[in-house]
1. Which of LYS141/LYS213; LYS108/LYS145; LYS61/LYS152 have a Cα-Cα distance over 22 Å?
2. Between ASP146 and HIS87, what is 0.36 nm times their sequence separation minus the Cα-Cα distance? Round to one decimal in nm.
3. In terms of modelled amide H atoms, which long-range or inter-chain residues lie less than 5 Å from the amide H of TYR173?
4. Residue by residue, what Karplus-based ³J(HN,Hα) values in Hz, rounded to whole numbers, does region 178-192 have, using 6.51, -1.76 and 1.60 with θ = phi - 60° and x for Gly and Pro?
5. Once you put a point 7 Å from the Cα of SER72 and another 7 Å from the Cα of GLN211, both along the Cβ direction, what distance in nm separates them?
6. Can you give the FRET efficiency for ALA234 and TYR171, using 1/(1 + (r/R0)^6), R0 = 45 Å, r = Cβ-Cβ distance, to the nearest 0.05?
7. Quick one: which residues, 5 or more positions from VAL178 or on another chain, have an amide H under 5 Å from its amide H? H modelled 1.01 Å from N in the peptide plane, none for Pro or chain starts.
8. Which whole-number percent is the relative contact order of region 192-236 (Cα, under 8 Å, 6+ apart)?
Amino acid sequence: MKPFCKYLLILFIVLAGKISSAQNMAAVNTMLSRQSMQMNMQMQMNMMNMMMLNRADFNFKHTFFATMKDGSRKEINSRILTDETTHKTYLLYVDKSLPKSDSNRNQKIYPDQTVSIERGLGVISNPRSAFQNTEPEKFFKGIAKDSCWMFKVVSGDINVYSFLSEETGQYFYEGTIVGIQLHDDGPIVKCTEENLKQMVGNDIDALENIQRKNYFKAIKKYNRNRRKEAEKAAAK
């Protein structure tokens with residue numbers, strides 16, 4: 001091969017290598033940029049959720065009774081708050097026996113310090129009784145886990161657990177759901193698309209809502225369909 005042709009061949013190989021390297025680097029940069037954007041979006045969503053969860057318009061202050069791990073009980077008037085550093089929930093306990101200047105007066109009570117917490121739901125009227133028109137006060141209990149307390153906010157074929165004690169209704173925020181459970185004897189698992197699909201099986205109504213990322217509606221649809229099936233079976 002003539003020297004000039006060899007030079008052109010070598011130059012072509014070098015240029016082709018640089019172009020391929022540049023394309024690969026561009027692909028890598030694109031992937032990293034996409035991952036970074038997704039991570040930033042997730043962080044922003046987490047921060048927004050945290051800010052929302054500490055708001056008082058759907059996370060109300062209640063009088064909680066905490067059963068501590070040493071067996072003692074504390075009465076705590078607080079909202080369930082979120083620690084922005086540890087991402088754990090806590091109750092703010094004010095020990096009024098201590099002066100305001102004492103640094104121990106305000107204490108954060110975390111779930112792993114307790115067995116459970118509960119709050120009263122009020123006295124329930126009993127219209128069937130002519131002499132006593134009330135029943136004992138009902139309590140809403142939260143089971144202590146590593147980072148939060150879990151309150152059962154929906155009961156059905158699929159149970160739903162929230163880390164706030166607000167019952168489903170006007171002030172319930174779906175972003176507080178932390179666990180789902182198939183029947184009362186099943187394990188409590190994270191509310192993820194995969195776990196929920198396994199629970200609902202071939203229920204078309206539920207699967208359609210899961211596809212739309214509307215997990216809470218999917219659970220309600222599934223529970224409703226199972227109730228209807230049970231009612232039909234009982235009527236036969």
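Quick note: the coordinates plus some simple rules give every number you see, no bench work behind them. Keep in mind the model is a prediction, meaning the values are calculated, not measured. Please note: Cβ atoms are built from the backbone with ideal geometry, for glycine as well, and neighbour counts cover all protein chains shown.
1. LYS141/LYS213
2. Gain in length upon complete extension: 20.2 nm.
3. none
4. 3J(HN,Hα) across region 178-192, in whole Hz: 10, x, 10, 8, 7, 6, 5, 9, x, x, 8, 10, 5, 7, 10.
5. Rounded to a tenth, the inter-label distance reads 5.6 nm.
6. E between ALA234 and TYR171, to the nearest 0.05, is 0.85.
7. Counting only residues 5 or more places away or on other chains, the set is TYR161, SER162, PHE163.
8. Relative contact order here is 30 percent.
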